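No lab work stands behind these numbers, since they all come straight from the coordinates. Computed from a predicted model, the values in this text were never measured in an experiment.
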Amino acid sequence: YNDFDNKIRVHPNPFINNLDIYYEIATPGNVSISIHNVLGEVVSVITNKYHEAGTYQLLWGATETGDNLAKGIYFVELNSEPFTKTLKAIKIK
C-alpha cells in the first residue's frame, strides 16, 4: 500500500493548545496514535483501539497531559500494523 504517507495530517501546525489529527485507515485493525517529546518519551496516548477502515478525526488538547505542555517540537505517531507514520508538530506557546 504505497499511498500511506498521505493518510495522516495535523492542523494547525504550529499549534498553541489544540491539535486536530486527521487520519485514514485502509485496513481494519488496532490503531495507536501517540504524542512523543524530542526525547522519545510518550507524552499522551490519544487512541489505542480497534478501528474499522475509514477516515477519522481527533482533537487533542495539549493541556490534557495533566500539566501545560512546554513549547517545543513534538511527534505525532500513527501505528496501524504494519504501517507507522510520524509527523512533527510544533507547540509555540
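Would you list, by chain and number, the lysines whose Cα falls below 16 Å from the Cα of Lys85, excluding same-chain residues fewer than 8 positions away?
Cross-link targets: Lys7.
Express the Stokes-Einstein translational diffusion coefficient of the chain in µm² s⁻¹, to the nearest whole number, given a Kirkwood radius over alpha-carbon pairs, 10 °C and a viscosity of 1.306 mPa s.
For the chosen part, D equals 118 µm²/s.
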